[in-house]
Amino acid sequence: MTAPVITCPWWCTDHRTGSTVEDQQHARPFPVPDGTWVALLRGCLPADRIELAYGGESFDRGTERARLFAAALQQAADLLDRLTAERDRAP
Ligand SMILES: [Zn+2]
């Protein structure tokens, strides 16, 4: 049995492969400081919905890294809103 060919949506820039379709994930990581992550993720099954994943832990005296993290989160949220709107407009 061969795995079905998965077509990535345009926003997927870092596809996570796996041995089965359940293991695969479309992913769009955003540039963030070390120790944090911000990404849009969606599984490859038809029922899977796109999700905004983010996290991290930082103890920092400066604010630059916090601002970078906040900016990435803002970008990811904007893109998720856009993708959700596109999805809602689709027939
Ligand atoms: Zn993909």
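What follows draws every value from the coordinates through simple rules; no lab data is involved. The model shown is predicted, which means the values in this text are computed figures rather than measured ones. Virtual Cβ from ideal backbone geometry, glycine too; neighbours counted across all protein chains shown.
When peptides 52-64, 8-20, 68-80 are sorted by average Cβ neighbour count within 10 Å, with the highest value leading, the order is 68-80, 8-20, 52-64. Rounded to the nearest Hz, the phi-derived 3J(HN,Hα) couplings of region 10-16 under the Karplus curve 6.51 cos²θ - 1.76 cosθ + 1.60 (θ = phi - 60°) are 4, 7, 6, 10, 8, 4, 9, where x marks glycine and proline. Per-residue extension of 0.36 nm, minus the Cα-Cα distance of A90 and H15, leaves a gain of 24.7 nm for this segment. Here the spin labels are modelled as points 7 Å beyond Cα on the Cα-Cβ line, and at D48 and D34 they lie 3.0 nm apart. Label point 7 Å out from T7 along Cα-to-Cβ: which residues of region 33-70 have amide N under 20 Å? So the set is 42-50.
Take the Cα pairs of region 1-51, get the Kirkwood Rh, then feed it into Stokes-Einstein at 10 °C and 1.306 mPa s and tell me D in µm²/s.
Working: Rh = 11.8 Å.
Stokes-Einstein gives a translational diffusion coefficient of 134 µm²/s.
Helix 64-89 and the longest principal axis of the Cα set of the chain meet at an angle near 30°. Among the cysteines of the chain, those whose beta-carbon sits 4.7 Å or more from every other cysteine beta-carbon are C44.
Placing one equal scatterer on every Cα of region 21-89 and applying the Debye formula, the log10 ratio I(q)/I(0) at q = 0.18, 0.23, 0.26 Å⁻¹ is -0.72, -0.98, -1.12.
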